[in-house]
Amino acid sequence: LNMSFNKRFDSILVLAKDNVELVKFGVDAAGLPDLAVGRIVRFNMRAVGLNDAKGIAVDPDSGRLYILNANGTQLVTITPTNTADYDGESAKNGGRIKKINLDELPPGEFRGIAFNPNNGHLYSFNLDNQRLYEFTENGSVLSTYDLNSLNLSNPGSLLFAPSGDATDDPSNMNLFVLEGGQSVVSQSTPDREQLAINTDSVHILPCRCSTA
């Protein structure tokens, strides 16, 4: 749930050990974690004061880290240095930590967070009402998408990434959802007005999600 690819620094970030440690793995030429000595960096996150994180996401251009904290009621943003330093104490002392209460989101269990590079918005899924919420990094909710038709019961990581179809425009970003240990692909438009979803067991069947 608390893992994300960091394109800015070509690495994988994992929030581990009860939210008090962030681990950065380098990746090899195939995009897989590189476990060689010197390719793993551990950052102490105690100074950030995280509590029950439910997902992390990374801005691929800036490397900015977004953490869905306190069971989805708070958004924590950490801006790294140019040398990919995410150390909690250093970030706190440098004024590189921002915390926003997500008061506009409804009560419920939120799982996962994704950053859409096409519009700079964030997305999270409410397990209780089966809706996907689109909001800004300042916490303003922009759109809501009803995903009841997908019957998601155990959603994990959310991620915007290019389509796996080589015939698609590379700028067409899809929303990928990890559901119940399986990879589920969500086909989505990056604008606020509509979110198209595709699935069939592992892949998603065409359907149109209503907005509210």
Checklist entry - What number of residues within region 125-183 satisfy the criterion of being among the aliphatic types (A, V, I, L, M) and free of Cβ contacts under 8 Å to residues at least 12 places away in the same chain? => result 1
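From the list 157, 124, 183, 153, exactly one residue is of a type in the set (Gly, Ala, Ser), within 17 Å of residue 54 (Cα to Cα), modelled with pLDDT under 90 and part of a strand (DSSP E or B). Which is it?
Working: 124 fails: modelled with pLDDT under 90; 183 fails: within 17 Å of residue 54 (Cα to Cα); 153 fails: part of a strand (DSSP E or B).
Just a single option satisfies the conditions, and that option is 157.
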Checklist entry - Counting only residues that are open to solvent by 40 Å² or more (accessible area, probe 1.4 Å), under 13 Å from the mean Cα position of the chain (by Cα) and charged (D, E, K, R), how many does region 125-176 have? => result 1
Next on the checklist: Please pick out the residue among 51, 118, 44, 71 that is on the phi > 0 side of the Ramachandran plot and open to solvent by 30 Å² or more (accessible area, probe 1.4 Å).
Outcome noted: 71
Checklist entry - When residue 2 is evaluated against the numbered criteria (1) open to solvent by less than 50 Å² (accessible area, probe 1.4 Å); (2) closer than 17 Å to residue 90 by Cα, which criterion, by number, is the only one it fails? => result (2)
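Being more than 12 Å from the chain's Cα centre (by Cα), under 19 Å from residue 2 (Cα atoms), of a type in the set (Asp, Glu) and modelled with pLDDT of 95 or more is the requirement here; does residue 87 meet it? Can you show your working first?
Values: more than 12 Å from the chain's Cα centre (by Cα): yes; under 19 Å from residue 2 (Cα atoms): yes; of a type in the set (Asp, Glu): yes; modelled with pLDDT of 95 or more: yes.
Yes.
Go through the residues of region 25-34 one by one and say whether even a single one is of a type in the set (A, V, I, L, M, F, W, C), open to solvent by 40 Å² or more (accessible area, probe 1.4 Å) and farther than 22 Å from residue 161 by Cα. Let's see the steps before the verdict.
Of all residues in region 25-34, those of a type in the set (A, V, I, L, M, F, W, C) come to 25, 27, 29-30, 32.
Imposing the further condition that a residue be open to solvent by 40 Å² or more (accessible area, probe 1.4 Å) reduces the set to 25, 29-30, 32.
Next cut, farther than 22 Å from residue 161 by Cα only: none.
No, that holds for no residue.
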Checklist entry - Got a number for residues in region 31-68 being free of Cβ contacts under 8 Å to residues at least 40 places away in the same chain and either among the hydroxyl-bearing types (Ser, Thr, Tyr) or within 27 Å of residue 155 (Cβ to Cβ) (or both)? => result 8
Checklist outcome for this item: Only one of (1) assigned to a loop (DSSP other than H, G, I, E, B); (2) open to solvent by 20 Å² or more (accessible area, probe 1.4 Å); (3) under 24 Å from residue 175 (Cα atoms) does not apply to residue 63, and that is (2)
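The values are calculated or read from the model by the stated rules, or taken from the named source; none is laboratory data. Given the structure is predicted, the values throughout are model-derived calculations rather than measurements. Every residue, glycine as well, gets a Cβ built from its backbone with ideal geometry; the counts of neighbours run over all protein chains shown. Remember, those area values only see protein heavy atoms, side chains included, never the ligands or the DNA or RNA. Shrake-Rupley method; radii C 1.70, N 1.55, O 1.52, S 1.80 Å.
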